[in-house]
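S.K.: So that we are looking at the same thing, I have put the structure below in structure tokens.
Each reported figure results from applying straightforward, stated rules to the coordinates on display, with no laboratory input. Note that the structure is a prediction, hence the values are computed from the model and not measured. We place every Cβ from the backbone using ideal geometry, glycine too, and count neighbours over all the protein chains shown.
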Amino acid sequence: MQHLYKRIYADPEFHELERKRGRFSWLLAGIVFLTYFSFILVIAFAPQLFAKPVVAGMMMTWGIPVGVFVIVLSFCLTGVYVYRANTEFDHLTRDIVEHVQKDDNA
Amino acid sequence: MFKKMTMHNLSRRHLLILFLGFFPLLLFAADAIQGEVTRQPVNITAISMFLAFVTATLGITYWAAKRTKSTKDFYAAGGSITGLQNGLAIAGDFMSAASFLGISGLVFASGFDGLIYSIGFLVGWPIILFLLAERLRNLGKYTFADAVSYRLQPIPIRSLAACGTLAVVLLYLIAQMVGAGKLIQILFGLEYHFAVVIVGILMIMYVTFGGMLATTWVQIIKAILLLLGASFIAIAVMYKMGFSFQTLFASAVEIHSKGIEIMSPGGLVSDPVSAISLGLALMFGTAGLPHILMRFFTVPDAREARKSVFYATGFIGYFYVLTFIIGFGAIVLLVNNPEFIDPETGGIFGGNNMAAVHLSKAVGGEVFLGFISAVAFATILAVVSGLTLSGASAISHDLYASVIKHGRIQEGEEVLVSRISTVIIGIFAIFLGIIFEQQNVAYMVGLAFAIAASVNFPILFLSMYWQRLTTRGAFVGGSIGLITAVLCMIFGPTIWVDILGNAEPVFPYKHPALFSMSAAFISILVVSKLDNSQTGKDEAVAFEDQYVRSQTGLGAEGATSH
């Protein structure tokens with residue numbers, strides 16, 4: 001197994017995949033992190049922004065749809081990640097492992 | 001050997017049958033005593049529904065016990081759980097009575113502010129998925145310490161991880177046990193000590209006999225019941241409001257003593273440092289909870305691990321939206337309703353945390369109140385079982401098998417040690433639940449999250465992402481994170497002022513995570529950088545193999561191909 005690990009680590013396609021996958025997961029993590037901390041910082045520094053009614057005369061204030069949006073966004077992004085990881089990334093990984101194993105046996 | 005095994009199984013089965021038969025008797029015997037001395041009426045509907053739950057789950061435990069033989073069965077349900085099942089079980093493990101009753105109570109008391117906690121509890125999940133879940137699944141076997149010690153030295157790393165695990169588990173357990181005792185006192189009219197003992201005995205039974213398989217199914221059933229119950233309350237509330245949020249919010253504002261303030265952020269997070277610190281603890285604490293991380297080893301591969309987070313995030317997010325509606329519904333339907341108002345305090349009976357429970361009676365009558373009471377009890381049972389299993393695995397798998405026995409241990413011996421650890425933790429939890437009866441335990445979950453975010457998360461995260469991390473760095477930095485979190489909490493406003501009665505806090509903030517996480521990360525980075533030892537260099541080289549395995553799943557536990 002150690003031997004295979006070394007072969008895969010030396011494979012440029014593996015690093016190409018890892019760059020792509022890494023960029024994608026850090027991008028999504030960054031979106032969630034920024035959205036959540038913007039939400040927290042508005043509450044800490046400018047709570048009056050969330051106290052404004054969405055439509056004049058309505059009870060619903062901006063804080064509520066924004067809060068629900070953070071929840072829905074988190075869920076949707078996990079869906080996006082799972083979809084891409086379970087199809088594209090898993091296929092690419094399998095291809096790399098298979099061709100390294102084949103080269104190894106040849 | 002064979003004879004010994006069957007005898008062992010037989011005695012286990014007998015004990016279970018014995019207990020199954022005996023349990024209702026025990027409960028009713030205590031009722032009879034209880035009925036005369038307490039003010040609270042014994043709630044027969046609630047008790048029968050709870051007994052139905054207990055009977056069903058003990059039946060499952062009996063089924064699971066027959067399938068739980070190896071360490072992999074005991075810690076990881078044989079790796080046989082599907083993504084959807086695990087997603088439900090994660091939701092069942094995570095949605096504690098504190099979230100259900102606590103957050104709806106918070107919304108009931110201060111409106112919008114409750115949503116801040118809900119969101120904090122949710123946003124850790126995408127982070128777990130994007131950064132940790134699949135690497136953890138590919139590297140580890142039964143505990144998150146497996147992944148951290150993949151290339152680092154097992155003895156110091158597992159000792160530290162076991163401390164982090166046990167600290168989180170015990171703090172969480174105390175909070176759940178005390179909560180359970182008080183809740184059952186109110187809901188079922190049973191005595192506090194009796195309730196704590198029942199919870200303790202049931203969790204010991206589930207975990208000792210049925211291991212992870214029984215724990216998983218208890219959590220799945222509880223998650224389904226809780227989601228159904230909360231959906232029913234929320235829909236009933238919206239039905240009474242003509243499915244109009246305008247009517248719901250307008251009636252709530254009109255009736256609530258704080259008026260329009262309940263529609264906007266209030267005093268819950270006042271200064272920016274506390275706000276950020278709380279945010280960090282909620283987000284990264286979730287990613288360091290050992291009983292949650294352990295769930296990723298119950299699925300066959302990284303693919304299912306990913307799916308389980310997707311489902312879990314959906315269920316948990318949906319549940320938190322419901323708690324928000326439930327909290328507002330409680331304002332409209334309970335305040336000014338003499339049936340639920342305690343004339344002595346002017347608030348609702350049993351305090352704000354009982355809002356969801358009273359509301360269930362207001363919208364669904366006695367029978368539904370019984371159902372929700374039973375669900376609340378089931379919720380506690382599912383959470384404490386997950387915690388106990390996680391604590392037991394830290395003792396048996398990390399400390400006993402790896403640190404003491406250096407991995408030279410028979411399967412049967414390790415399972416036996418984990419069963420004994422389960423019983424010890426269970427008894428200890430009952431004992432702590434009784435000791436802490438009169439104490440304020442609300443801060444304990446907060447401290448558990450701070451420790452998880454400052455010990456478990458940094459070492460796990462850096463072991464996967466930073467090649468230069470060394471054993472020395474992880475050990476020193478993780479320990480500093482642990483000590484900082486505990487000291488900041490002791491000398492902060494919650495313990496130093498509110499509990500110990502001092503005038504001024506030594507450490508001014510309620511939430512230590514910003515400081516303890518920074519202390520952990522900085523010291524791990526500095527100590528690792530300064531570590532010029534040969535083992536440190538070897539660990540950096542070993543990162544390459546670990547990296548390939550974590551990304552491809554090649555050689556991972558339970559992998560079917562290769």
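S.K.: Compute the semi-axes of the equivalent ellipsoid of the range B:468-530, taking the square root of 5 times each eigenvalue of the Cα gyration tensor, and list them largest first in whole Å.
M.R.: Each semi-axis is the square root of five times an eigenvalue, giving 29, 9, 7 Å.
S.K.: About its Cα centre, how strong a charge dipole does the range B:281-369 have in debye, to the nearest 20, once Lys and Arg get +1 and Asp and Glu get -1 at the Cβ?
M.R.: 540
S.K.: How crowded by other chains is A:91-99, given as the mean number of beta carbons from other chains within 10 Å of each beta carbon? Can you show the working numbers first?
M.R.: Details: counts 0, 0, 5, 3, 0, 4, 6, 2, 0.
Shielding by partners across A:91-99 averages 2.
S.K.: When B:Ser396, A:Ser38, B:Ser385 are ordered from fewest to most other Cβ atoms inside 10 Å of their Cβ, what list results?
M.R.: Numbers: B:Ser396 27, A:Ser38 12, B:Ser385 32.
Sorted ascending by nearby Cβ count, the order is A:Ser38, B:Ser396, B:Ser385.
S.K.: Contact order normalised by length for chain A, with contacts defined as Cα pairs under 8 Å and 6 or more residues apart; what percent is it? It would help to have the intermediate numbers written out before the result.
M.R.: Numbers: 45 pairs, mean separation 37.1, N = 106.
Computed value for chain A: 35 percent relative contact order.
S.K.: Could the peptides A:40-52, B:414-426, B:133-145 be put in order, highest first, of the mean number of other beta-carbon atoms found within 10 Å of their residues?
M.R.: B:133-145, B:414-426, A:40-52
S.K.: While we're here: Looking only at other chains, what is the average number of their beta-carbon atoms within 10 angstrom of each beta-carbon in B:164-174? Write down the numbers at each step before the final one.
M.R.: Working: counts 0, 0, 0, 0, 0, 0, 0, 0, 0, 0, 0.
If you average over the peptide's residues, the count of other-chain Cβ atoms is 0.
S.K.: Roughly what angle does helix B:44-67 make with the longest principal axis of chain B, taking Cα atoms, 0 to 90 degrees, to the nearest 10?
M.R.: Taking Cα atoms only, the helix is inclined about 20 degrees.
S.K.: Evaluate E = 1/(1 + (r/R0)^6) for B:Ile44 and B:Phe428, where r is the Cβ-Cβ distance and R0 equals 35 Å; express this FRET efficiency to the nearest 0.05.
M.R.: The computed FRET efficiency comes out at 0.60.
S.K.: Let me ask you something else. Report the one residue of A:Ile96, A:Ile43, A:Pro12 whose Cα lies farthest in the direction of the positive end of the charge dipole of the range A:2-105 (charges on C-beta: Lys and Arg +1, Asp and Glu -1; origin at the Cα centre).
M.R.: It is A:Ile43.
S.K.: B:Asn86: net charge of surrounding residues, Cβ under 13 Å, Lys/Arg +1, Asp/Glu -1, itself excluded?
M.R.: Computed value for this residue: +2.
S.K.: Next question, about the same structure. Please work out whether the range B:438-562 counts as rounded, prolate or oblate from its C-alpha gyration tensor, where a ≥ b ≥ c are the square roots of the eigenvalues and a/c under 1.5 means rounded, while otherwise a/b larger than b/c means prolate and anything else oblate?
M.R.: Because a/c hits 1.5 or more and a/b fails to exceed b/c, the range B:438-562 counts as oblate.
S.K.: Next question, about the same structure. For A:Met1 and B:Val541, FRET efficiency with R0 = 22 Å and r from the beta-carbon atoms, rounded to 0.05?
M.R.: In this case the efficiency is close to 0.90.
S.K.: Continuing with the same structure: With an 8 Å cut-off on Cα pairs and a minimum separation of 6 or more residues, tell me the relative contact order of chain B in percent.
M.R.: Values: 937 pairs, mean separation 152.5, N = 562.
Over chain B, the number comes to 27 percent.
S.K.: Across peptide A:46-58, how many C-beta atoms of other chains are within 10 Å of each residue C-beta, on average?
M.R.: Other-chain Cβ atoms within 10 Å of each residue's Cβ, averaged: 3.
S.K.: Further, regarding this structure: Out of B:Val445, B:Ser402, B:Ile348, whose Cα points farthest toward the positive end of the dipole of the range B:300-450 (charges: +1 Lys, Arg; -1 Asp, Glu; placed on Cβ)?
M.R.: Comparing the listed Cα positions along the dipole, B:Ser402 ranks first.
S.K.: Please give the FRET efficiency for B:Thr345 paired with B:Thr55, using the beta carbon to beta carbon distance and R0 = 35 Å, rounded to the nearest 0.05.
M.R.: That gives a FRET efficiency of 0.40.
S.K.: In the neighborhood of A:Leu17, defined by Cβ-to-Cβ distances under 13 Å, what is the net charge if each Lys or Arg adds +1 and each Asp or Glu adds -1?
M.R.: Summing Lys and Arg as +1 and Asp and Glu as -1 gives -1.
S.K.: OK, next. Return A:Tyr36, B:Tyr62 ranked ascending by Cβ neighbour count within 10 Å, so the fewest neighbours appear first.
M.R.: The fewest-first ordering by Cβ neighbours comes to B:Tyr62, A:Tyr36.
S.K.: Given axes a ≥ b ≥ c from the Cα gyration tensor, I'd like to know whether the range B:205-247 is rounded (a/c under 1.5), prolate (a/b larger than b/c) or oblate.
M.R.: Because a/c hits 1.5 or more and a/b exceeds b/c, the range B:205-247 counts as prolate.
S.K.: I would also like to ask the following. So how do B:231-242, B:72-83 stack up, highest first, on mean other-Cβ count within 10 Å?
M.R.: Top of the packing list down: B:72-83, B:231-242.
S.K.: Separate question: Considering only B:Thr215, B:Ala362, B:Ser277, whose Cα is most displaced toward the positive end of the charge dipole of chain B, charges sitting on Cβ of Lys, Arg (+1) and Asp, Glu (-1)?
M.R.: In chain B, that residue is B:Thr215.
S.K.: Using only Cα atoms, figure out Rg for the protein assembly as shown and give it as a multiple of 2.2 N^0.38 Å.
M.R.: Relative to the 2.2 N^0.38 Å estimate, the protein assembly as shown comes out at 0.96.
S.K.: Something else about it: Going by C-beta contacts inside 10 Å, put B:Ile221, B:Ile255 in order with the fewest on the left.
M.R.: Working: B:Ile221 19, B:Ile255 16.
Lowest count first: B:Ile255, B:Ile221.
S.K.: Give me the angle, in degrees from 0 to 90, between the Cα long axis of helix B:302-334 and the longest principal axis of the Cα atoms of chain B, rounded to the nearest 10.
M.R.: With both axes taken from Cα atoms, the answer is about 20 degrees.
S.K.: Only four residue types carry charge here, +1 at the Cβ of Lys and Arg and -1 at the Cβ of Asp and Glu. Report the dipole size of the range A:2-105 about the Cα centre in Debye, rounded to the nearest 20.
M.R.: 460
S.K.: Mind checking the full-extension length gain between A:Asp103 and A:Glu16? Use 0.36 nm per residue of separation minus the Cα-Cα distance, one decimal, nm.
M.R.: Values: separation 87, 0.36 × 87 = 31.32 nm, distance 1.89 nm.
Extra length from A:Asp103 to A:Glu16 when fully extended: 29.4 nm.
S.K.: Kirkwood hydrodynamic radius, the range B:353-475, all distinct C-alpha pairs: what's the number in Å?
M.R.: It works out to 18.2 Å.
S.K.: Please state, to two decimals, what the Cα-based radius of gyration of the range B:10-440 comes to when divided by 2.2 N^0.38 Å (N = residues).
M.R.: Against the compact-globule rule of thumb, the ratio is 0.98.
S.K.: If you average over every viewing direction, what projected area does the convex hull of the Cα atoms of the range A:2-105 give, in nm²?
M.R.: About 9.0 nm², averaged over all directions.
S.K.: If you put +1 on each Lys and Arg Cβ and -1 on each Asp and Glu Cβ, how big is the dipole of chain B around its Cα centre, in Debye rounded to 20? Don't skip to the end; give the middle numbers.
M.R.: Details: 32 positive and 30 negative charges, 340 e Å.
Value, rounded to 20: 1640 debye.
S.K.: In addition: Between B:Glu254 and A:Val72, what is the label-point separation in nm under the 7 Å Cα-to-beta-carbon projection?
M.R.: 2.8
S.K.: I've got another one for you. List residues of the range A:9-47, by number, whose backbone nitrogen lies under 18 Å from a label position 7 Å along Cα→C-beta of B:Phe245.
M.R.: Correct set: A:39.
S.K.: Relative contact order of the range B:214-330, please, whole-number percent, based on alpha carbon pairs below 8 angstrom and at least 6 residues apart.
M.R.: 44
S.K.: A follow-up question, please. Under the rule a/c < 1.5 gives rounded, and otherwise a/b versus b/c splits prolate from oblate, where does the range B:94-181 land using the Cα gyration tensor?
M.R.: Numbers: a/c = 3.57, a/b = 1.78, b/c = 2.00.
It comes out oblate by the Cα gyration axes.
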